[in-house]
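What follows is a short report on a single structure.
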Amino acid sequence: MLEKDCIQSKDFRNVWTGGQKTGFQLSIRLTYYRGVWLSQLRPATVIVDGEKFENDQITWTIGGTVYSQEELKYYGDVHWGLLKPAVLTIKKPGGLATGLHDVEVEFAYSSSYMPPEMDELLSKLTPHKRRLVLVN
Amino acid sequence: MSYSNGIKPKRGVALYSYLGEFGTTMTLEDMLADMHGMGAEGLEILANSHIDNYPEPTDAWLENWFKMLEKYKIKPVEYGHWVDSRLYPGRELSTKESYDRLLKDIKLANKLGFTVMRTKLGVIDGALTPVKNWREFIEMALPDAEKYNVRLCPEIHHPTLLKSQMIDNYIDFINKTKTKYFGLTIDFGTMQTNPLPSNWMAAADSIFSPVEDLAPLLPYTYACHAKFYNMSDDFVETTTPYDKIIEVLLKNNWGGYLLSEYEGPNQDVPGYTSDQLRKHQLMMKRLLGEE
């Protein structure tokens, strides 16, 4: 079973590459009532303790495959389901300090069955914010 | 109440109702077990939500699917899916692309045992007018729908009126093609008469349809979303005239499924939706003369 919040706590950790901390990861679940095709997703922004990460600082891992934010729009045949959180990997040389962090994730998705001017409305109704503990 | 020939609506549940619990406090099996406890036999799933690894469920998932249907005596009725016209930013899907995606869902719906599809079309305005090329790709898919024995049914949902240009267009299409594989899913939220619960979505200035407008559409209607927002403790739905609606269905010998679809407050409070569904099912059971 997944945690109720969009931001899941259990995958929050630093990322190590060649003995160095190069960034951090966290996972998010869709709180929408249906899964989405990757091309329906809009790029995410992650804010940790006021520091903002966006565009090519972030990659998405969905179903074991890594996608840049820029290329999500091409993947209309890859589906992100409700039961499988996506992992966001964020570049940050030196990583994050252990301890508490205020984490915020913003992303949006398209809903073609809504009027065009309300296309991304459903994804923006509630902000995704959570205080997480970083152990590793 | 009895209208002689024995054909009357049957009861089911739309799993959309459980959106606040699925994946966090309930599994697919929990939802089916919950339905079984209500004697609700007909099932609507949302393909993109409830089929793990959609659009290609694994063999193990499929095997478990049929096992669960048997265990909980559930009949797959309606397969909810979308033709997402704005799938790619900045353009609309072509007719061929829309058809290709539709065909994939037709095959999967059939594989899972469904005979009605709630085909949600992309819209182009605030009145929910469907995309301009809907006739083209639906017509392309009709032979496939026949082959795989599914009826493609756009959902008629508030703020669409039951008497409207959109409905006329759908019915003209049915008459012109003489198809039995395209029809309507009517959402009862179109016939709301009283305000929604005060702690829920504020009601905008809205126009709804009188129940009288339902009967002429029934020959084209293959499933209904029995939309509800609030069941009282004496088993009355406080927003929508269910007694009148069900009387129309009985009088017209409509024999499809009424799929309870809860869209009221507290959907993420564990157990709340189940309780609302049980009350709604009991109300329908009584109105249908099952007890």
Between B:G122, B:G90, B:G39, which gets the highest mean-square fluctuation from a Gaussian network model of chain B, Cα cutoff 10 Å? B:G90
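Provide, as a two-decimal number, the C-alpha radius of gyration of the protein assembly as shown over 2.2 N^0.38 Å, N being how many residues it has. Before the final figure, lay out the partial values.
Values: Rg = 22.6 Å, N = 427, 2.2 N^0.38 = 22.0 Å.
Scaled against compact globular proteins, the figure is 1.03.
Percent of Cα-Cα pairs more than 21 Å apart in the stretch A:7-134, please. Don't skip to the end; give the middle numbers.
Working: 3124 of 8128 pairs.
Here the tail beyond 21 Å accounts for 38 percent of pairs.
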Which length gain, in nm to one decimal place, applies between B:D168 and B:M201 when the Cα-Cα distance is subtracted from 0.36 nm times their residue separation? 8.9 nm
Dipole magnitude of the protein assembly as shown about its Cα centre (Cβ charges: Lys, Arg +1; Asp, Glu -1), debye to nearest 20: 620
Testing the spin-label approximation: label points 7 Å from Cα along Cα→Cβ at A:T89 and B:T58. State their distance in nm. 2.3
Explain nothing, just the number: dipole magnitude of chain A about its Cα centre with +1 on each Lys and Arg Cβ and -1 on each Asp and Glu Cβ, in debye rounded to the nearest 20. 460
Using all alpha carbons of chain B, what is the percent of pairwise distances in each 5 Å bin, ordered from the shortest bin to the longest? 1, 5, 12, 16, 19, 18, 14, 10, 4, 1, 0, 0
Spatially proximal lysines relative to A:K129 (Cα-Cα < 29 Å; intrachain offsets below 8 disregarded): A:K4, A:K10, A:K21, A:K52, A:K73, A:K84, A:K91, A:K92
Distance cut-off 25 Å, Cα to Cα: go down the list B:K10/B:K104; B:K104/B:K180; B:K120/B:K227; B:K107/B:K251 and report the pairs above it. B:K10/B:K104; B:K107/B:K251
Return the FRET efficiency for the residue pair B:E291, B:K71: r is the Cβ-Cβ distance, R0 is 25 Å, and the value is rounded to the nearest 0.05. 0.50
So what's the stretch B:227-269 giving for Cα Rg divided by 2.2 N^0.38 Å, two decimals? 1.34
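When N is the residue count of the stretch B:172-265, what does its C-alpha Rg come to as a fraction of 2.2 N^0.38 Å? Could you put the intermediate results ahead of the total?
On the way: Rg = 14.6 Å, N = 94, 2.2 N^0.38 = 12.4 Å.
Expressed relative to 2.2 N^0.38 Å, the Cα Rg reads 1.18.
Rule-based calculations on the coordinates, nothing more; no lab input. Note that the structure is predicted; figures quoted are calculated from it, not measured. For neighbour counting, all protein chains shown are included, and Cβ atoms are generated from backbone atoms with ideal geometry for every residue, glycine included.
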